[in-house]
Amino acid sequence: MADLKTTFAGITSPNPFWLASAPPTDKEYNVRRAFEAGWGGVVWKTLGEEGPPVVNVNGPRYGAIWGADRRLLGLNNIELITDRPLETNLEEIKRVKADYPDRAVVVSLMVPLDEDAWRKILDRVGETGADGVELNFGCPHGMAERGMGSAVGQVPEYVGQITEWVKKHSDLPCIVKLTPNITDITKPALAAKQGGADAVSMINTINSITSVNLDEMCPEPMIDGYGTHGGYCGPAVKPIAMNMVAEVARNAETRGIPISAIGGITTWRDAAEFMSLGAGNAQVCTAAMTYGFKIVQEMISGLNQWMDQKGYATTSEFIGRAVPRVTDWQHLNLDYVTKAEINEDLCIKCGRCYAACEDTSHQAIEMGPDRTFSVKDDECVACNLCVNVCPVEGCITMRRLKPGEVDQRTGMTIPAEDDKRTWLEHPNNPDGDPLTCISRGQ
Ligand SMILES: Cc1cc2nc3c(=O)[nH]c(=O)nc-3n(C[C@H](O)[C@H](O)[C@H](O)COP(=O)(O)O)c2cc1C
Ligand code: SF4
Ligand code: SF4
């Protein structure tokens, strides 16, 4: 049986599955039950500075996007950081950590851009026995309007400055949680690294409006006739989060900093994908809010089985293994040619592939009089749109042309492996200039 134990930024946990800072981790009652269910760690719901607790709205705080089966695909929220007294949270953290010494207990923090405010809260957290802190530079609503959360995360100088303060005033491992509401995630990641962060985590939620009530002409969730943008999360954000994790993992300047992956993780496979792209562990929020704490058991057993199947004894054996395969467009093999193939035995004759290819792709699918569908190799550009719209998995596949075969669309003979060309060697780029495509605005 594979060993799922992980050490992330010096913090050990029996498995790589942590609950992200959010409602599932906002009190002792929840966290104890989460640990009983099997979660390897938690990042406690973000604490703010001493004083009157934060006030949340008292109307609905969530918007949602569903799939056709009403499965929750995306969730948006306008909740703030914890609205429970600081002292109560700290006492609970201390008790929980004492009772679960083998689990990771990380405390999320968000206080104003002021060194003394950070020193004060770090002193208090240090007394709880917690394993580390996560700096919430990501929350995009409410707190950002008060100069915290994503308002900090969007300014790399602030990210670096606060990280330096935290490292100056605390010995605890420091994870900097980044906002995705920024053009280039490597900029704040680099600032965190230069500020001395032990790790970064990503992503926090994405600015969003999920729906508009057309009777009231108001975005939802609606609070007394008004709506505001909220933070988007859940399965829908996973592709965005994975790209950001991969960018930080492969960027020359940020490469090597441990990454805690967050964003739409619902199954062991999601976690394994993020980890293959360089994440050291996986944090989960929406999936726990949708299916309950016990989903971690599926995650643990699924990851275990997959690792056994693949012969990975520990997670470190596959963490980052897909990173070298992430490249820029200009390095892709332009002589890699495939053609769509339809398996008539599986086809249910719905015609979706035909409509998609005929109307929006390359008119490469022929419909016979008896609704048999076939691909015209001399028209197919291999875009694989038909594969993606076909409701039958495995019905349309892409066949790779071998060296020596002729592409009937272009008349080109597929070159030998050693002669393959990327954009840099392609005759349409006579200067072999990587910037040519950019300067032409393509
Ligand atoms: C209701 C709600 C409250 C959240 N509160 C916090 C918070 O206090 N601090 C924080 O760092 N992230 C907070 N998050 C963001 C999550 O920790 C996580 O980054 C995000 O939901 C993406 O993960 P997911 O797709 O698994 O939900 C919150 C998310 C939700 C849905
Ligand atoms: S791969 Fe693209 S071009 Fe080829 S048949 Fe499918 S949709 Fe048409
Ligand atoms: S989309 Fe798939 S199932 Fe539908 S006609 Fe095309 S190949 Fe057949």
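Across the chain, C-alpha contacts under 8 Å between residues 6 or more apart give a mean separation that, scaled by the residue count, equals a relative contact order of 13 percent.
The charge dipole of the stretch 329-439, taken about its Cα centre with unit charges on the Cβ of Lys, Arg, Asp and Glu (plus for the first two, minus for the last two), comes to roughly 280 debye. Toward the positive end of the charge dipole of the stretch 41-115, with +1 on the Cβ of Lys and Arg and -1 on the Cβ of Asp and Glu, the farthest Cα among Gly63, Pro85, Thr46 is that of Gly63.
Over 20 Å apart at the Cα level, from the set Lys120/Lys168; Lys167/Lys193; Lys94/Lys120; Lys45/Lys168; Lys45/Lys177; Lys94/Lys294, are Lys45/Lys168; Lys94/Lys294.
Taken about its Cα centre, the chain carries a charge dipole of about 660 debye when Lys and Arg each add +1 at the Cβ and Asp and Glu each add -1 at the Cβ. Of the GluC sites (Glu not before Pro) found in the stretch 53-129, the ones in coil according to DSSP and having at most 14 other Cβ atoms within 10 Å of their Cβ are Glu127. In the chain, helices alone account for a calculated mean residue ellipticity at 222 nm of -8000 deg cm²/dmol, with every DSSP H run of four or more residues adding -39,500 (n - 2.57). For Lys238, a cut-off of 18 angstrom between C-alpha atoms picks up these aspartates and glutamates, skipping any fewer than 8 places away in its own chain: Asp184, Glu247, Asp270, Glu273.
Here the extension length gained between Arg321 and Asn384 equals 20.1 nm, from 0.36 nm per residue of separation less the Cα-Cα distance.
Cβ-to-Cβ counts within 10 Å put Thr360, Thr254, Thr315 in ascending order as Thr360, Thr254, Thr315, the fewest first. Residues Leu190, Leu424, Leu332, Leu75, arranged from fewest to most other Cβ atoms within 10 angstrom of their Cβ, appear as Leu332, Leu424, Leu190, Leu75. In terms of other Cβ atoms within 10 Å, Trp329, Trp306, Trp165, Trp18 run from fewest to most in the order Trp329, Trp306, Trp165, Trp18.
Of all the stretches in the chain, which is the longest one without any exposed loop site, taking trypsin sites (Lys or Arg not before Pro) in a DSSP loop (any state but H, G, I, E, B) with at most 15 other Cβ atoms within 10 Å? With trypsin sites (Lys or Arg not before Pro) excluded where exposed in loops, the chain gives 72-254 as its longest stretch. Once you reduce the stretch 237-264 and the stretch 392-432 to the center of their Cα atoms, the two points are 30 Å from each other.
Each value in this text was obtained by applying a stated rule to the coordinates, not by laboratory testing. Quick caveat, the model's predicted, so the values are computed rather than measured. Note that each Cβ is placed from the backbone with ideal geometry, even for glycine, and that neighbours are counted across all protein chains shown.
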